[in-house]
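First comes the structure, then the notes that go with it.
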Amino acid sequence: MTVLIASDLDRTLIYSNAALALTMPDAVAPRLLCVEVHEHKPLSYMTERAAALLSRVSEDAVFVPTTTRTRKQYQRISLPGAPSRFAICANGGHLLVDGVSDQDWRDEVAARLAQECAPLEEIRAHLSATADPAWLRKERVAEDLFAYLVVERQLLPEGWVTELTAWAEERGWTVSLQGRKIYAVPKPLTKSAAVREVARRVGAEHILTAGDSLLDADLLLAAHRGWRPGHGELAEADWHAPHIEALPQQGVAAGEEILRRFRNASRDFRRGMKRGRVGEQARRRAGVPTVAAGVPAATAGPAAPVGPAPASPAGPVAPPAPR
């Protein structure tokens, strides 16, 4: 009865100062726990209640942090609870097993990128040629897999990201705007592909996920159940699928609610499986034939999305059109 929980981190479970969205009166604001320090300064937080929930979640299920961060950026984070045996970094480019990148997975990713999309060098050259120093603050390459820009969001020309998205689409790449960062990521480089690999290795019968950005769409579609917060690219585009719940909470409160849903859903699935198996055993003892060998409907796979579908079984979902 293995449940696998794969969750995006930034703006899904953990939040920077700018993303906390503490809109309530100061006197009732939640107590926060710092989970990331960078250059001797606190950087990311979750509520103390969220921290307690995460500790319980990691006891009941295989919890897999799933992030677009590089390995170095991920290793700055100190999440509550027992260390996760598996973690996914670089948007699926690295599968960490006990903190070490799995070489077989890296080789598989490299082969797929070489076959299915334009090289990173072409994308970098285009970004350098079209980005304006007036609003560009940094240009970075992550793990030699994808590129991103750090920009002054208020100075970014209207339509620039749309034009970049169309250009990248023709070359097998996708674009995502998250806060002050513009990501250009190969379409074959997906979180969902890495999650499926972890699920295969641990024999997971049920997958739960959460995420807030376009780069999380394929991750959500790979789940039996999932949640997205009330902020982020997916919320702005009104993206949804039958098995994905759009939460009203925003900011750090959304992270707490997502962990609450993870814990409840994981426990409900285990109880349902146990009841189903007990019932099947009773029917067999009574000589009553079973219809589906006691397998609950939830294990049959996630529902089809509303809107665009993945380009391939391991590929991401095309950017959803706003509604």
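The values are calculated or read from the model by the stated rules, or taken from the named source; none is laboratory data. Keep in mind it's a predicted model, so treat the numbers as computed, not measured. Please note: Cβ atoms are built from the backbone with ideal geometry, for glycine as well, and neighbour counts cover all protein chains shown. Remember, those area values only see protein heavy atoms, side chains included, never the ligands or the DNA or RNA. Shrake-Rupley method; radii C 1.70, N 1.55, O 1.52, S 1.80 Å.
Assorted remarks:
- Among (1) assigned to a strand (DSSP E or B); (2) surrounded by 17 or more Cβ atoms within 10 Å (Cβ to Cβ), the one test that Val37 misses: (2)
- Flag if Glu170 is under 27 Å from Asp144 (Cα atoms), open to solvent by 40 Å² or more (accessible area, probe 1.4 Å) and at pLDDT 95 or above: yes
- Apart from one condition, Ala18 fits all of (1) open to solvent by 20 Å² or more (accessible area, probe 1.4 Å); (2) out of contact with any helix residue (DSSP H, G or I) (no Cβ under 7 Å at 6 or more places or on another chain); (3) without any contact (Cβ under 8 Å) to a residue 60 or more places away in the chain; (4) among the small types (Gly, Ala, Ser); the exception is (3).
- Test: residue in segment 194-210 that is at pLDDT below 95, among the hydrophobic types (A, V, I, L, M, F, W, C) and either part of a helix (DSSP H, G or I) or crowded, with 24+ Cβ neighbours inside 10 Å (or both): no
- Any hit, segment 84-102, residues being part of a helix (DSSP H, G or I), farther than 22 Å from Leu4 by Cα and touching a residue at least 12 places away in the same chain (Cβ under 8 Å): no
- Among the residues examined, Val64 does not qualify as open to solvent by 60 Å² or more (accessible area, probe 1.4 Å) and either without any contact (Cβ under 8 Å) to a residue 12 or more places away in the chain or β-branched (Val, Ile, Thr) (or both).
- Those residues of segment 129-148 which are assigned to a strand (DSSP E or B) and farther than 18 Å from Lys72 by Cα, in sequence order: Leu136, Arg137
- Hits in segment 43-61 (condition: of a type in the set (S, T, N, Q) and either crowded, with 24+ Cβ neighbours inside 10 Å or at pLDDT 95 or above (or both)): Ser44, Thr47, Ser55
- Of all residues in segment 110-128, those satisfying the criterion of being assigned to a helix (DSSP H, G or I) and either within 26 Å of Tyr74 (Cβ to Cβ) or aliphatic (A, V, I, L, M) (or both) are Ala110, Ala111, Arg112, Leu113, Ala114, Glu116, Leu120, Glu121, Ile123, Arg124, Ala125, Leu127.
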